[in-house]
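The values are calculated or read from the model by the stated rules, or taken from the named source; none is laboratory data. Keep in mind that what you see is a predicted model, and the values were worked out from it rather than measured. Here the Cβ is made from the backbone with ideal geometry for all residues, glycine too, and neighbour counts use every protein chain on show. With ligands, DNA and RNA removed, areas are computed over all heavy atoms of the protein, side chains included. Shrake-Rupley method; radii C 1.70, N 1.55, O 1.52, S 1.80 Å.
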Amino acid sequence: MARATRRQFIETALAAAAVYRSPVAALPLLKDIVAGPGQDSVDAAAIRKLVAGISGQVITPGAAEYESARLVFNRAFDRRPAVIVCCAGTPDVARALDFAEARKLPVAVRSGGHSRLGFGMCEGGVVIDLSGLKRVGVDAGKRVARAEAGALVRDLDEATQRFGLATTSGGCPSVGVAGLTLGGGEGRLMDKYGLACDNLLSAQVVTVDGRRVEASHDSNPDLFWAIRGGGGNFGVVTALEYQLHPVGEVVSGALMYAAGRISELLEAFTRFLAGAPDEMDALAQLLPSEQRPRLKIDLCYCGDPRMANDLIRPLRALKPQDDSVKVMSYLEAQSAGGFLQAPVAHFQTNLILREISGAAIAAITTAINNAPARCKAIIVPLRGAVSRVNLSDTAFALRQTSYEVDIAGVWTSPAGKADAVQWVEATRDTLQPFANGVYINQLGDTSDQLVRAGYGANYTRLVEIKKKYDPTNVLRLNQNITPDKPSNS
């Protein structure tokens with residue numbers, strides 16, 4: 001698609017998409033600054049000047065909205081920024097970046113707020129909050145959607161499904177599409193159509209020096225390569241344009257099996273995947289119960305519904321206790337929720353296994369048998385279209401057929417936190433001998449070693465692009481690519 005054509009589409013699509021809009025008028029303008037605890041690091045006069053230049057809303061400590069505005073999905077994090085800039089457009093993003101840089105304040109970027117490490121907030125710094133930018137426009141004829149960076153998975157799905165279209169957009173309705181896409185973007189359609197980043201056609205980006213640029217195959221192709229898997233290291237993405245695909249009814253739901261059959265069922269699960277077509281997305285959840293751990297297989301088949309029963313027959317032959325798999329709309333399948341369905345304090349990490357071997361199954365089974373009540377694991381196959389993209393085509397580095405093992409613990413008390421974190425870390429360490437890589441979007445911890453493992457063979461090139469677009473590492477609250485470290489260290 002030529003740039004001129006894209007601009008024309010953006011203008012006409014947004015004009016036609018009023019039904020999906022969250023208008024700027026819905027963002028109240030801050031008229032008075034209310035000082036509060038934690039604001040003493042920022043001069044009140046400077047904040048008043050910032051407010052005068054912002055079209056959206058500026059929230060500071062002591063304002064009525066402050067406590068709710070600083071909440072993120074992972075309640076384990078309780079950060080108190082000095083300023084939250086609720087942006088009404090890209091000029092607000094540039095002004096917020098300039099304000100932070102002039103005062104050497106840390107910068108956090110928030111869209112959906114689902115970062116496992118709470119990166120959507122920062123302590124004592126400036127939050128660029130994009131959550132009010134939710135507009136989604138659809139050009140059904142060209143099968144293209146444009147979503148502002150505050151749009152959630154449900155916003156994108158609802159807009160595109162009005163035309164019988166969809167793109168890979170994550171399995172949790174409240175996840176922000178921007179963070180999802182920049183880190184890769186798994187979802188129910190990825191085996192057939194690739195990751196969210198594989199369906200990205202272009203993005204609008206505000207660089208740390210305040211420039212608004214387009215990233216696409218034709219414009220700033222190095223930046224376009226980097227943001228497809230390299231996370232938010234290179235600029236603040238304000239809008240994303242996606243390729244859409246025809247998606248109508250799907251066959252979706254879950255099969256829940258009796259306790260105590262983990263090893264047997266995991267072996268059957270891997271055999272099932274080996275013969276499954278790209279239209280079949282499947283993942284396995286391992287759940288503690290009052291008796292012994294249980295295994296649940298979640299399915300979504302986006303092909304001809306008449307073929308689904310034959311495909312699923314091997315899993316039904318294993319005699320599930322509960323079977324909710326049926327024909328439904330894609331929106332209904334998407335509304336089933338994700339791994340963690342509501343904001344809660346949690347710690348989650350992951351590893352990538354090249355195969356689910358007998359030894360790995362034994363280790364997983366032992367770990368889940370010893371899991372605290374509010375801990376679980378999920379096995380997400382990376383296969384099909386995901387594995388048919390060349391490693392060098394995007395920054396996303398997990399292109400071999402493999403299995404992502406996510407490990408999570410939830411708590412509501414300090415004692416519960418200690419048990420959950422200990423189990424998650426012990427399980428990760430037990431599985432480490434079988435692992436080769438990590439998925440950055442599902443990491444609840446970070447280190448230089450993990451960053452390198454997440455970006456793999458693409459790390460060296462990402463460092464060079466980081467040096468070009470963010471040489472002073474303004475955007476460092478992420479799985480950070482540090483520009484001043486030798487890439488071969």
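Yes/no per residue for (1) open to solvent by less than 10 Å² (accessible area, probe 1.4 Å); (2) assigned to a loop (DSSP other than H, G, I, E, B); (3) at pLDDT below 95; (4) closer than 19 Å to Glu101 by Cβ:
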{"residue": "Gly38", "(1), (2), (3), (4)": "no, yes, yes, no"}
{"residue": "Ser41", "(1), (2), (3), (4)": "no, yes, yes, yes"}
{"residue": "Ala46", "(1), (2), (3), (4)": "no, no, yes, yes"}
{"residue": "Leu50", "(1), (2), (3), (4)": "no, no, no, yes"}
{"residue": "Ser55", "(1), (2), (3), (4)": "no, yes, no, no"}
{"residue": "Val58", "(1), (2), (3), (4)": "yes, no, no, yes"}
{"residue": "Gly62", "(1), (2), (3), (4)": "no, yes, yes, no"}
{"residue": "Ala76", "(1), (2), (3), (4)": "no, yes, no, no"}
{"residue": "Pro81", "(1), (2), (3), (4)": "yes, yes, no, yes"}
Q. How many residues, within the stretch 405-442, are open to solvent by less than 30 Å² (accessible area, probe 1.4 Å), of a type in the set (Gly, Ala, Ser) and either more than 17 Å from Ala453 (Cβ to Cβ) or not in a strand (DSSP E or B) (or both)?
A. 5
Q | Given (1) modelled with pLDDT of 95 or more; (2) closer than 25 Å to Ser174 by Cβ; (3) open to solvent by less than 20 Å² (accessible area, probe 1.4 Å), index of the condition Gly337 fails | A | (1)
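Go through the stretch 236-276 and give me each residue that's assigned to a loop (DSSP other than H, G, I, E, B) and either hydrophobic (A, V, I, L, M, F, W, C) or open to solvent by 10 Å² or more (accessible area, probe 1.4 Å) (or both).
Scanning the stretch 236-276 gives Leu244, Val247, Gly248, Ala258, Ala259, Gly260, Arg261, Gly275, Ala276.
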Q: For the stretch 83-121, name all the residues that are open to solvent by 10 Å² or more (accessible area, probe 1.4 Å), of a type in the set (D, E, K, R) and touching a Gly at 6+ places or on another chain (Cβ under 8 Å).
A: Arg95, Asp98, Arg110, Arg116
**Q.** Selection from the stretch 437-479 of residues that are under 19 Å from Val389 (Cβ atoms) and within 21 Å of the chain's Cα centre (by Cα)
**A.** Gly437, Val438, Tyr439, Ile440, Asn441, Gly454, Tyr455, Gly456, Asn458, Tyr459, Leu462
Q.
Among the listed residues Gln291, Gln341, identify the single one that is farther than 28 Å from Leu443 by Cα and touching a residue at least 12 places away in the same chain (Cβ under 8 Å).
A. Gln291
Q: Quick one: count up the residues across the stretch 361-382 that are over 20 Å from Leu443 (Cβ atoms) and surrounded by 21 or more Cβ atoms within 10 Å (Cβ to Cβ).
A: 1
Q.
Of the residues Lys319, Lys326, only one is open to solvent by 50 Å² or more (accessible area, probe 1.4 Å), closer than 30 Å to Phe163 by Cβ, at pLDDT 95 or above and of a type in the set (Lys, Arg); which?
A. Lys326
(Q) Here's a check for you: in the stretch 203-235, which residue that is hydroxyl-bearing (Ser, Thr, Tyr) and part of a loop (DSSP other than H, G, I, E, B) is farthest from Asp98 (Cα to Cα)? (A) Ser219
Q: Starting from the stretch 294-312, take each residue that is more than 12 Å from Leu255 (Cβ to Cβ) and among the aromatic types (Phe, Trp, Tyr) and list its partners that are open to solvent by less than 50 Å² (accessible area, probe 1.4 Å) and outside any strand (DSSP E or B), counting only C-beta distances under 8 angstrom and pairs at least six apart or across chains.
A: Tyr301/Glu279; Tyr301/Ala308; Tyr301/Leu311; Tyr301/Ile312
Q. Pick from Val213, Val205: which is free of Cβ contacts under 8 Å to residues at least 60 places away in the same chain, open to solvent by 10 Å² or more (accessible area, probe 1.4 Å) and over 30 Å from Ala359 (Cβ atoms)?
A. Val213
**Q.** helices (runs of 4 or more DSSP H) lying entirely in the stretch 122-202 (those with 2 or more residues that are open to solvent by less than 20 Å² (accessible area, probe 1.4 Å), farther than 17 Å from Tyr330 by Cα and at pLDDT below 95)
**A.** none
